[in-house]
Amino acid sequence: MAIALCPGSFDPVTNGHIDIIERTARHFDDVIVAVTRNPQKSGSRFSIEERQVMLEEVVGHLENVRIEWLTGLVVDFARLHGAAAIVKGLRAVSDFDYELQMAQMNQRLSAIDTFFISTSPQYSFLSSSLVCEVAKFGGDVTSMVPPSVAARLEAKFALGEDS
Ligand code: ADP
């Protein structure tokens with residue numbers, strides 16, 4: 001029974017994330033999408049509860065995928081849940097340096113391997129932060145995020161929230 005971990009902040013989930021989760025789910029028996037509290041970024045746009053709900057709405061059709069909150073080290077979480085691998089999406093060379101360093105650190109800490117999936121070309125420019133920037137100024141993000149997420153972004157920025 002091979003379990004994979006897809007960690008990330010998913011703030012909010014985009015079509016690029018969903019593509020990586022769906023493809024991971026084809027190769028592993030079980031996939032845990034681990035939502036981080038996002039320590040290295042200045043502040044979360046959506047609460048961890050909101051991010052979890054959005055993920056559940058859009059990956060609910062995948063029977064072997066579940067959503068959990070991640071606190072602490074990814075490797076400890078992986079060990080606790082019996083995960084055999086961490087799976088990350090790679091968009092561009094700019095992702096590579098950091099992801100390689102992280103994968104090697106995790107390997108050193110726990111001998112867990114990280115598998116990389118290259119982004120589908122139509123999503124290579126997509127990031128949660130950029131999507132939020134566009135939505136904040138009224139841009140159309142309906143081709144970049146699922147409809148439920150687009151609606152939440154619209155509601156959030158219509159209320160004048162800008163965090
Ligand atoms: P972001 O970097 O957009 O804030 P996360 O921290 O939520 O995203 O990233 C979680 C995982 O999803 C990471 O492995 C990241 O590289 C991957 N990912 C994010 N956006 C995409 C995309 N458009 N295509 C492929 N992988 C992606």
Residues of the stretch 107-127 with amide N under 18 Å of a point placed 7 Å along Cα→Cβ from residue 79 | 107-114
Label point distance in nm, residue 66-residue 120, each placed 7 Å from Cα along Cα→Cβ = 2.7 nm
So if R0 is 30 Å, what FRET efficiency would residue 92 and residue 50 give, r being the distance between their Cβ atoms, rounded to the nearest 0.05?
-> 0.60
Between 63, 50, 22, find the one with the highest GNM mean-square fluctuation for the chain; connect C-alpha pairs within less than 10 Å.
-> 63
Give the relative contact order (percent, whole number) for the stretch 42-152; include only Cα pairs under 8 Å separated by 6+ residues.
-> 22 percent
Which residue, 91, 45, 26, has the most motion in a Gaussian network model of the chain that connects Cα atoms within less than 10 Å?
-> 26
What's log10 of I(q)/I(0) for the chain at q = 0.12 Å⁻¹, Debye sum over Cα points only, no solvent?
-> -0.51
Between the stretch 55-88 and the stretch 137-152, what's the alpha-carbon centroid distance in Å?
-> 25 Å
So the FRET efficiency between residue 136 and residue 27, C-beta based with R0 = 45 Å and rounded to 0.05, is 0.80
For the chain, set up a Gaussian network in which alpha carbons nearer than 10 Å are linked by springs, and say which option among 111, 25, 84 fluctuates the most.
-> 111
Which is the longest part of the chain that has none of the chymotrypsin sites (Phe, Trp or Tyr not before Pro) sitting in a DSSP loop with at most 14 other Cβ atoms within 10 Å?
-> 1-124
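Bear in mind these aren't lab numbers, they're just calculated from the coordinates by the rules spelled out. Computed from a predicted structure; not experimentally measured. Glycine also receives a Cβ, built like all others from the backbone with ideal geometry; neighbour counts cover every protein chain displayed.
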